[in-house]
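Below is one structure, written out as structure tokens, with a few remarks after it.
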Amino acid sequence: MSMTGHVDPAMLVPEIVLALAAVAALLLGGWTPRRRQWTVRLCVVAALLGALAAALTAWARSEDMVTGGFAVDAGTHAVRVTVLVGVLVAVLLAGDSFSGHPRESESYVLLLLGALGTVALAGASDLLVLAAAYLLASIPLYALTGLTRDSGGTEGALKFYLLGAMLGILLLTGTALLLGAGGATDYATLAGALPDAPRALVAAGTVAVLAGLLFKAGGVPGHFWVPDVTEGAPAPVAAFVTTVPKIGALVALYRLGNEVLTRAPLDWPLLCALLAAASMTLGNLGAFFQTDARRLLAYSAISQVGYLLMAVAAVGGTAGLARPGLLFYLAAYAVTNLGAFAVVCSLPATRSLEQYTGLFHRRPWSALSLVVCLLGLVGTPPTAVFVGKLTVFTAALDAGLVWLVVLAAVNTVVSLFYYLRWVFPLFRARPTTSGEGAITGLARRTSTGVAVTLAAVSLAMGVLAGPLLGVL
Amino acid sequence: MLSVAVFLPLLAGLVLLAVPRPRDGLVAWTWVCVAALDLFLVLVLWARYPAAVGPGQDAVGGFAFETHVRWIPSVGAGYHIGVDGLSLPLLAMTAVLFLACAVHSLRQRRRTRAHAVLFLFLQTVSLGVFSALDLLLFFVFFDLSIVGMYFVIAGWGHGRPARSALQFFLYTFLGSLALLLGFIGLYLAADPHTFDIVELTGRPPLEDGGPVAGLVLLAIALGLAIKTPTVPFHTWLPPAHTDAPAAGSAILAGVLLKMGTYGFVRVAMPILPGAWREYAMVFVVVGVVSVLYGALVALAQTDFKRMVAYTSVNHMGYILLGLGAAGLATADEARAAALAVTGSVTQMVSHGLLTGALFLLAGALHDRGGTYRMASYGGLAGTMPLLAALTSLAAFGSLGLPGLSGFIAEFQIFTGSLSFVPVPTAVAFLGILLTAALFLRALQQLFTGDLRIPEHARTGDLTARELVAIAPLTALSVAIGLFPRFLLDPIEPAARALVALVVR
């Protein structure tokens, strides 16, 4: 397809549905009384299911196209489906937590816009589209974080916003530098022009763009917002923010490495490998002694970015596993991490790990889902993340990054320590003193259902990984 | 058929989970029935094995009851299971031991359902490891065994179970990840890329050795050595054993440790024959050091259970000695090498039965006196003759007395190894002396002299339930010691086939 040809709107049905659903939810929310906001939720869920159907149909037709700076290929298809499932889960969790909240329908609007930005990030094949997608994927989330206007949420939102604004400017600077180096912003032209461009200019521009995308992914060094936002924001928002945007950011990084920088005068794989190593190690160290379940999940999210970046760094491998590995791992991670957060959402009064003591005896299904999701995050077979890790490790080893794979394996063992610190209290006898009140509080039923479903999906994806990896 | 045998316990466990509030007795008896049925299935497989594998069973890949389903084709991994002479005895040993634990746990009243489900899960996982013919499938089961055992130790252990369970998990999980790296290395070296053990054995990707093969073998051997465990990777074992419940210890030592040694004969030797030959001496030395160190440290123990735990390190050392020696054989000496390998596999079965019995007996002792400290007891033979008789039998079997299974195994290992590594074998002989000393000392302390028991201890002899659980294990050891042919018949051809792959 030609780069400058007409834009075929039929190609973009899922994105259009997302945008229209956001507008419709805003209007509908304004006209609906507060105690009947569930109708808005219903409409949003219906729209998301419609978008999902459209995305799957487009995938089945599987035509690779690039129009107007937006690529629709296997990567975009997979991201669309993953993000739509992710936002659907987030809407269900938010509905459970925010039911009757004055800003309920606005929260759905912001979630939908954030999801739209994420898909646009993944599909962008032009740096300017990438920058626009970055803004679309960021700004709604700043607002979402501060939605409850309590001190934690405000602090998180402010930190999130300041860091996002700064790294966003850096992303734009990088775009400008690469425009200067390559004379264009679209990936195809840049790929041709960058090998002859001044090395320093290319390096500076790439690093600046990388910084912006690492902020979205929540990887080192753009990770400072993750723990505070995760702790301060409402739990469903935290689930969304730590999971969904990184899907778009990492696919954007992969696209950048695979389509633009293959012959550029820059050791892109090594750069990504170093960032991967830093991310997984610092994330794990940060998680080590956390006593708050959400902060633990936040640092775990940072370390997971490290493993995911291994796939980005493995772009030079011959086995062709880097892209399917990345896409599968992203989907697996999204399901598993959202599953863990769903358990957190279902027990609103439970914050510290200690308060989870004895959960298994009161809510066995919640506890089992949590165990499956946490062991899944470690990468224990046969959960989905295991298959994701396996393919990503294989891809990295294939690309000659033996040291990184060994480091990742060691990090995996280290991560086990803090996940087990959460798993173990679940099975201990009931507490007699503190923490009693937390679990006995009412559990949210939709969230519990979502948690059980996601844990089952995580297992099923691992067992049925074959056909899934086949289409990626 | 094989898949049914592997997954029957897991299915039964899921059914138990789904039943709303079953009575404890129902759960316990269901568990026993399922374990018995599973043992029956494995015995049927054993009986039909000679016919199923056909006359050409000396050939490589003499697998029976194979199932091959595509699982993750894009990375060349499949659900591929099957049995041969190396795995069949271990499958049977596993089924026997789990049945013994089920019977032994009939009166277990602490969260009975979760306990039974975990053991059923562990049984599926263990049978899965011993029948997997795909590296990834092997790894999945291998890894899940750690998860299952973690919950057994953490949930039903005593002492400081949380700490021991965590240490166990971290240590063995690190080992399993090293193993995974090695498997990925094999996958990448194979052309076309595959995780299939049969294909990899047929066309070993790194056949000629070299630095890459050495690294892959290092990763795989590290993973297996931690699981086995051999010196110096054994430090997770004593605390895990001391704090685990009796049935958990029996499974841990009887079955889970065998996953490590089985990995050597199933993966390391046939798929990396060149590297195995090159570094065989390392394995011999590690084996001999484990033999002596395990025995010496066991000798220093005052706690009966810890002592038995350290003898496991010693017994696993013999296995490694035999396998390492086989790697040093030339084509003319294949017979002796096959003898060493046969002995090693026999040792896996023998140790599983005997150590399972010893740990269950230790549990019976603890139930009565509330401690494992040997100094707290004395002269028990008078009041508990059955306990004394069974413990003596298991101890004698463990130290290699003729007429019991340990002798058959160790005799073959030593005879097979002597011609290749005379000095290390001679040194390893000392291990038998040491184990004899430590077991005799323990028997003397516990069962002879004046009666001495901790306060408030029960003095009743083994109950019928305990007897039904433990006696068959020692009886099987006697059976193997007196009539070893039924066990050696399937092992020997497989050992010859393995040696044919490894020797130059």
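The values are calculated or read from the model by the stated rules, or taken from the named source; none is laboratory data. On a predicted model such as this, the values are computed, not experimentally measured, just so you know. Don't worry about glycine lacking a Cβ; one is built from the backbone with ideal geometry, like all the others, and counts go over all protein chains shown. Side chains included, ligands, DNA and RNA excluded: accessible areas come from the protein's heavy atoms. Shrake-Rupley method; radii C 1.70, N 1.55, O 1.52, S 1.80 Å.
Here are a few things to note about the model shown:
- Selection count, the stretch A:395-405, where residues are open to solvent by 10 Å² or more (accessible area, probe 1.4 Å), part of a helix (DSSP H, G or I) and either facing chain B (nearest Cβ under 7 Å) or in contact with a Gly (Cβ under 8 Å, 6 or more places away or on another chain) (or both): 2
- First in the stretch A:412-431 and more than 10 Å from every other protein chain (Cβ to nearest Cβ) and aliphatic (A, V, I, L, M), second anywhere and surrounded by 20 or more Cβ atoms within 10 Å (Cβ to Cβ) and assigned to a helix (DSSP H, G or I), Cβ under 7 Å, 6 or more apart: A:426/A:356; A:426/A:359; A:426/A:360; A:426/A:367; A:426/A:370; A:426/A:371
- None of B:494, B:500, B:436 is under 22 Å from the mean Cα position of the chain (by Cα), open to solvent by 20 Å² or more (accessible area, probe 1.4 Å), within 29 Å of residue B:287 (Cβ to Cβ) and of a type in the set (Gly, Ala, Ser) except B:436.
- Candidate set from the stretch A:344-394 (those that are more than 10 Å from chain B (Cβ to nearest Cβ), assigned to a helix (DSSP H, G or I) and among the hydroxyl-bearing types (Ser, Thr, Tyr)); member that is nearest to residue A:460 (Cα to Cα): A:369
- Members of the stretch A:37-70 that are crowded, with 23+ Cβ neighbours inside 10 Å and within 21 Å of residue A:245 (Cα to Cα): A:44, A:48, A:51, A:55
- Any pair with Cβ under 7 angstrom, 6 or more apart, that starts in the stretch A:238-249 at a residue that is over 17 Å from residue A:130 (Cβ atoms) and ends at one that is charged (D, E, K, R): A:238/A:294
- Residue in the stretch A:96-106 that is among the hydrophobic types (A, V, I, L, M, F, W, C) and under 18 Å from the mean Cα position of the chain (by Cα) present: no
- Some residue of the stretch B:76-85 being within 14 Å of chain A (Cβ to nearest Cβ) and modelled with pLDDT under 85: yes
- Candidates A:260, A:220: the one that is out of contact with any strand residue (DSSP E or B) (no Cβ under 7 Å at 6 or more places or on another chain) and open to solvent by less than 10 Å² (accessible area, probe 1.4 Å) is A:260.
- Of all the listed residues (A:353, A:338), the sole one being closer than 30 Å to residue A:472 by Cβ and at pLDDT 85 or above is A:338.
- Qualifying residue in the stretch A:117-137 (condition: assigned to a helix (DSSP H, G or I), modelled with pLDDT under 95 and over 30 Å from residue A:85 (Cβ atoms)): no
- When the helices (runs of 4 or more DSSP H) confined to the stretch B:343-420 are screened for residues that are surrounded by 24 or more Cβ atoms within 10 Å (Cβ to Cβ), those reaching at least 2 such residues are found at B:385-399, B:405-418.
- Qualifying residue in the stretch A:117-139 (condition: farther than 24 Å from residue A:223 by Cα and either open to solvent by less than 10 Å² (accessible area, probe 1.4 Å) or over 18 Å from the mean Cα position of the chain (by Cα) (or both)): yes
- Verdict on residue A:46 being over 26 Å from residue A:329 (Cα atoms) and touching a helix residue (DSSP H, G or I) at 6+ places or on another chain (Cβ under 6 Å): no
- The one condition from (1) within 14 Å of chain B (Cβ to nearest Cβ); (2) open to solvent by 10 Å² or more (accessible area, probe 1.4 Å) that residue A:280 does not meet is (2).
- In the stretch B:106-118, residue modelled with the lowest pLDDT [restricted to those that are surrounded by fewer than 24 Cβ atoms within 10 Å (Cβ to Cβ) and part of a helix (DSSP H, G or I)]: B:107
- Extreme residue, farthest from the other protein chains (Cβ to nearest Cβ), among residues of the stretch B:125-181 that are outside any helix (DSSP H, G or I) and out of contact with any Ser or Thr (no Cβ under 8 Å at 6 or more places or on another chain): B:133
- Hey, residue A:452 at pLDDT 85 or above, within 14 Å of chain B (Cβ to nearest Cβ) and open to solvent by less than 40 Å² (accessible area, probe 1.4 Å) or not: no
- Residue within the stretch B:212-232 that is more than 12 Å from every other protein chain (Cβ to nearest Cβ), surrounded by fewer than 18 Cβ atoms within 10 Å (Cβ to Cβ) and out of contact with any helix residue (DSSP H, G or I) (no Cβ under 7 Å at 6 or more places or on another chain) present: yes
- Of all the numbered requirements in (1) open to solvent by 20 Å² or more (accessible area, probe 1.4 Å); (2) within 30 Å of residue B:203 (Cα to Cα); (3) not in a helix (DSSP H, G or I), residue B:301 misses one, and that requirement is (2).
- Residue in the stretch B:228-236 that is over 25 Å from residue B:136 (Cα atoms), more than 17 Å from the chain's Cα centre (by Cα) and among the hydroxyl-bearing types (Ser, Thr, Tyr) present: yes
- Annotation note: Cβ proximity below 7 Å between a residue of the stretch B:325-350 that is in contact (Cβ under 8 Å) with a residue 24 or more places away in the chain and a residue that is assigned to a loop (DSSP other than H, G, I, E, B) and open to solvent by less than 10 Å² (accessible area, probe 1.4 Å) (sequence gap 6+ or interchain) occurs for B:325/B:421; B:328/B:421; B:336/B:329; B:337/B:329; B:345/B:86.
- Residue that is nearest to residue B:347 (Cα to Cα), among those in the stretch B:64-100 that are open to solvent by 10 Å² or more (accessible area, probe 1.4 Å) and part of a loop (DSSP other than H, G, I, E, B): B:84
- Cβ-Cβ under 7 Å pairs, at least 6 apart or on other chains, the stretch B:202-229 side in contact (Cβ under 8 Å) with a residue 40 or more places away in the chain, far side open to solvent by less than 10 Å² (accessible area, probe 1.4 Å) and hydroxyl-bearing (Ser, Thr, Tyr): B:223/B:176; B:226/B:172; B:227/B:172; B:228/B:261
- Just one of the numbered conditions (1) open to solvent by less than 50 Å² (accessible area, probe 1.4 Å); (2) over 16 Å from residue B:143 (Cα atoms); (3) within 11 Å of another protein chain (Cβ to nearest Cβ) is not true of residue B:192: (1).
- Some residue of the stretch A:188-196 being surrounded by fewer than 20 Cβ atoms within 10 Å (Cβ to Cβ) and closer than 21 Å to residue A:305 by Cα: no
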